[in-house]
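Undergrad: Below you will find the structure I want to go over with you.
The numbers here are math on the coordinates, done by the rules we state, and not lab data. Not measured: the values here are computed from a predicted model. Note: ideal-geometry Cβ built from the backbone for every residue, glycine included; neighbour counts use all protein chains shown.
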Amino acid sequence: MGKMTLTGKGRRWVTGGHPWIYKDDIAEGKGEAGELLPVFDPAGNSVGWGLFSTTSKIAVRMVTRSEEQPNREFWVQAMQRAIAHREAHGLMDPAGACRLIAGDADGFPGWIVDRYTDVLVMQCTTQSAERMRDFLLEVLRTVLPFTPRAILDRSDVGVRKLEDLDPRVEWIEGHVSEPIEVQEGPVRYLVDVEHGHKTGAYLDQSANHQKAATHASGERVLDAFAYSGLFGLHAAVAGAERVVCIEQNQAACERILENARLNGVEDRIEVQRVNGMNALRELADAGERFGLIVVDPPAFARNRREAAGAERGYVELNRRAFTMAREGGTLVSASCSYNVKPEEFLTYLRKAAHLAGRDGWFMGMEGPAPDHPQLLSLPETRYLKCAYVTVH
């Protein structure tokens, strides 16, 4: 077994609470890819145990501050805590979907498990998750309150390149060839777990789908960057007069229409397959008005170097949205870029409102649903911002 010894800076970083140790903060040490290693400060005192990566800038991800090596019972208890958290928040409805294991936030670095009814979809994004996959899956089976019908490994995300891991899509157990029907509040929707974005759906926005819909009754609604149309579907089911969904991906547009028929609202949902930025500009120039506008684009800033470009994108998108909001209407604007901080995002919205010649009354900002825990010691888990603004 190897071990890691920190620099003084590394010791201060770890004792400050952050669970990630960067390569530059390791004085010496060795280990195998994904190995669980003891970690020591410069004086040789134990600071806990962490999972090692041979290639990532994040060299060690701490899993415990105890001197005692984590054993099987340690991982069992961590999973039981994760499942209990979802149960406490009412997220284990057999017909629903949720994130069962949220990687580092739940104490399982790089290992994500999503549940779509009784089908599990996992992702391994670190060498440690890759190494421990089968063991962790065996432990998960023992603590789940149900027996999975099928288990899919969707480890095909780009971040695996940083860990020198090849993409992989593999049915570990069973197989599901048809889309899975999921219930989210009053809405039903279909999920293609094998080919859809991420593990099939964007589960982190589930609570915001339902909250935004409280502003939809009797309104014309615009759902920009709609993907499977869940903001728009919730709005239609909540009584929106008309919903326009803007989405560039052809398969996603087809899925929106399927979901609309599934919920009996196909007569009130219009799907436009267009570029989101261009469509917002054209709708604004055409004088369109909406009582509820949702702007939920993909991440604009995947690192700090992209932050300047992200500001331009967010300001431009939201300027068009402010222009199209009716007097007293609601703008729901989201950013999933961790590198855009909440106060920065509000600054972008302020600039957008000013450029549109509108006043915005900030009603609050929501984060992800409770199945995506926001760990206080890991700011990176606080990535999603969803601002609610009344427009005048």
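Undergrad: Can you tell me the FRET efficiency between residue 93 and residue 67 if r is taken as the Cβ-Cβ distance and R0 is 35 Å, rounded to the nearest 0.05?
TA: On the way: r = 41 Å, r/R0 = 1.16.
Once rounded, the FRET efficiency stands at 0.30.
Undergrad: Percent of Cα-Cα pairs more than 21 Å apart in segment 202-391, please.
TA: 47 percent
Undergrad: Distance between the C-alpha centers of segment 349-367 and segment 119-176? Whole Å please.
TA: Measuring centre to centre over Cα atoms gives 40 Å.
Undergrad: Here is a follow-up. Which ordering of 338, 116 is given by a fewest-first count of other beta-carbon atoms within 10 Å?
TA: Values: 338 18, 116 26.
Placing the least packed residue first, the sequence is 338, 116.
Undergrad: Given the C-alpha centroids of segment 250-277 and segment 1-75, what is the distance between them in whole angstrom?
TA: 48 Å
Undergrad: Given a cut-off of under 8 Å on Cα pairs at least six residues apart, what relative contact order in percent is computed for the chain?
TA: 11 percent
Undergrad: Pick from 326, 302, 99: which is most flexible by mean-square fluctuation in a GNM of the chain where alpha carbon atoms under 10 Å apart are linked?
TA: 302
Undergrad: Structure shown: which of 23/351; 3/341; 3/161; 198/341; 198/351; 9/341 lie over 27 Å apart, alpha-carbon to alpha-carbon? Could the numbers behind the result be given before it?
TA: Numbers: 23/351 39 Å; 3/341 35 Å; 3/161 25 Å; 198/341 23 Å; 198/351 32 Å; 9/341 25 Å.
Check vs 27 Å cut-off fails for 23/351; 3/341; 198/351.
Undergrad: Next up: Order these by the 10 Å Cβ neighbour count, fewest first: 381, 390, 323.
TA: Placing the least packed residue first, the sequence is 390, 381, 323.
Undergrad: Moving to a separate point now. State the three equivalent ellipsoid semi-axes of segment 199-250, derived from the C-alpha gyration tensor as the square roots of 5 times its eigenvalues, in descending order and whole Å.
TA: Working from the Cα gyration tensor, I get semi-axes of 18, 14, 7 Å.
Undergrad: With a cut-off of 8 Å between alpha carbons and a minimum separation of six or more residues, what is the relative contact order of segment 3-64 in percent?
TA: 36 percent
Undergrad: Sticking with this structure for a sec: Which one is right for this structure if mean projected area of the Cα convex hull in nm² is calculated from it: [x] 17.9; [y] 18.9; [z] 46.9?
TA: [y]
Undergrad: With a 10 Å Cβ neighbour count serving as the proxy for reagent exposure, in which order, fewest first, do 75, 111 appear?
TA: Listed from fewest to most nearby Cβ atoms, that is 75, 111.
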